[in-house]
Amino acid sequence: EPDVTIVSGLKDMVVFEGDDVTFRCQVSHENAKDVEWKLQDVALQNNEMNEISVEKGKIHTLILRKVTEQDIGTVTFRVGPHMSTA
């Protein structure tokens with residue numbers, strides 16, 4: 001399988017409490033395996049507060065819903081050995 005790399009990394013975001021925030025990361029190949037999102041070093045699952053999706057096969061998206069002060073910290077996207085943080 002080809003090595004999947006990060007083409008376009010995460011961007012730092014400033015958001016107000018109660019708002020939603022969207023992070024996007026573009027990878028080099030579709031159907032990337034071994035993909036992980038983290039917030040403050042805690043792995044995120046797709047649920048009512050965290051919406052994790054893939055657009056056009058290569059753009060991985062994380063939406064954090066109704067953020068609170070507890071959500072302040074580093075968001076990490078990892079695919080294989082490659083990482084991007086914001």
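When segment 9-27 is examined, which residues are found to be of a type in the set (D, E, K, R) and over 14 Å from the mean Cα position of the chain (by Cα)?
Residues of segment 9-27 of a type in the set (D, E, K, R): 11-12, 17, 19-20, 24.
Within segment 9-27, GLU17, ASP19 meet the criteria.
Test of understanding: among GLY9, GLY57, GLY73, GLY80, which residue is on the phi > 0 side of the Ramachandran plot, touching a residue at least 40 places away in the same chain (Cβ under 8 Å) and out of contact with any Phe, Trp or Tyr (no Cβ under 7 Å at 6 or more places or on another chain)? Let's see the steps before the verdict.
On the way: GLY9 fails: on the phi > 0 side of the Ramachandran plot; GLY57 fails: touching a residue at least 40 places away in the same chain (Cβ under 8 Å); GLY73 fails: touching a residue at least 40 places away in the same chain (Cβ under 8 Å).
After applying the criteria, what remains is GLY80.
Which residue out of ALA32, ALA43 is within 18 Å of PRO81 (Cα to Cα), at pLDDT 95 or above and open to solvent by less than 70 Å² (accessible area, probe 1.4 Å)? Spell out the reasoning first.
Details: ALA32 fails: at pLDDT 95 or above.
After ruling out the rest, the residue left standing is ALA43.
The values are calculated or read from the model by the stated rules, or taken from the named source; none is laboratory data. What you are looking at is a predicted structure, and each value in this text was computed from that prediction instead of being measured. Note that each Cβ is placed from the backbone with ideal geometry, even for glycine, and that neighbours are counted across all protein chains shown. Remember, those area values only see protein heavy atoms, side chains included, never the ligands or the DNA or RNA. Shrake-Rupley method; radii C 1.70, N 1.55, O 1.52, S 1.80 Å.
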